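Beneath this line is the structure, given in structure tokens, with notes to follow.
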Amino acid sequence: MDCGDATVLLIDDESEVRAGISRLLRAVGWKAEVFASAEEFMARLPFTGVGCLVLDVSMPGMTGPELHDRIRETDNAFPVIYLTGRCNVATSVQAMKWGALDVLEKPVDDEILLQAIAAAVERHRQDCQRRDAKDSIAARLGTLSPREREVLDQVMLGRLNKQIADDLRISLKTVKVHRGRAMAKMQVRSVAQLVHLCCRL
């Protein structure tokens, strides 16, 4: 199991549960941060990096689902695994509506919990990579001049240089210059690469 630099955030009001799960996580190499309440967790925000949230459904004060709603409003919404003292179909369905990746009944089997955490962390890692890629593409687009963006938009539509020149009422040479600069700024060498890149936005 590759734990890497991921952090598991555990929120449960039962001290025995917190102690047992945090001990298990550290034994297999996961970084763990534990909290006795949703309010304690909120006071610690924001969290950065890759990880997941292991969250008790029923807690005094702010409940698990209420906290989940707050987390989803942040820039780095961690995947959530719910823990519940009584897991049934209704609870599972409701948890999925809340956006949970998994629902586990306490006392939870160690291996099942570790597998769920590994899946959640991998999901978050992939989400972060996609978000970083989008941010990078958007940043490159932001470096284009208005004219370069106009030319690039026409290129994306499959139009030829002469057609672009006629539409924008500029010379063919000017189109080629703007096109070359735009492609260089976007770090692509072909129209196919450009289309593939922009489709990721």
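Coordinate-derived values only; no laboratory data. All figures in this text were calculated on a predicted structure; none of them were measured in a lab. So basically every Cβ, Gly included, is an ideal-geometry build from the backbone, and we count neighbours across all protein chains shown.
For residue 130, project a label point 7 Å along Cα to C-beta. Then give me every residue of region 163-201 with its amide nitrogen under 20 Å of that point.
In region 163-201, the label zone of residue 130 (backbone N under 20 Å from the point 7 Å along Cα→Cβ) covers 195-201.
Name the lysines eligible as straight-distance cross-link partners of residue 173: C-alpha to C-alpha under 16 Å, and not fewer than 8 places from it in the same chain.
The reachable lysines, counting only those whose Cα sits under 16 Å from residue 173, are 162.
Compute the angle between helix 15-27 and the longest alpha-carbon principal axis of the chain, please, reported from 0 to 90 degrees and rounded to the nearest 10.
Approximately 60 degrees, to the nearest 10.
Provide the per-residue ³J(HN,Hα) series for region 115-127, in order, calculated from phi with Karplus coefficients 6.51, -1.76, 1.60 and θ = phi - 60°, each as a whole number of Hz, with x at glycine and proline positions.
Those phi angles translate into 5, 5, 5, 4, 5, 5, 5, 5, 4, 5, 4, 5, 4 Hz.
Relative to the Cα centre, what is the charge dipole magnitude of region 7-132, using +1 at the beta carbon of each Lys and Arg, -1 at the beta carbon of each Asp and Glu, and rounding to the nearest 20 debye?
Numbers: 14 positive and 20 negative charges, 64 e Å.
Roughly 300 debye for region 7-132.
Determine the dipole magnitude for region 143-198: charges of +1 sit on the beta-carbon of Lys and Arg, -1 on that of Asp and Glu, nothing else is charged, the reference point is the Cα centre, and the result goes in debye to the nearest 20. Don't jump to the answer; show the numbers that get you there.
On the way: 11 positive and 5 negative charges, 47 e Å.
Taking the Cα centre of region 143-198 as origin, the dipole is about 220 debye.
Dipole size in debye (nearest 20) for region 98-150 around its Cα centre, Lys and Arg Cβ +1, Asp and Glu Cβ -1?
Magnitude of the dipole: close to 540 debye.
State the three equivalent ellipsoid semi-axes of region 1-69, derived from the C-alpha gyration tensor as the square roots of 5 times its eigenvalues, in descending order and whole Å.
Over the Cα atoms of region 1-69, the semi-axes work out to 20, 14, 9 Å.
Tell me which residues come under 5 Å, amide H to amide H, from residue 50 once H is placed; ignore anything under 5 positions away on its chain.
Amide H to amide H, under 5 Å and 5 or more residues apart or across chains, residue 50 pairs with 7.
Could you give each residue of region 96-107 its phi-based ³J(HN,Hα) in whole Hz, using Karplus coefficients 6.51, -1.76, 1.60 with θ = phi - 60°, and x for Gly or Pro?
5, 5, 6, x, 6, 7, 7, 10, 10, 8, 7, x
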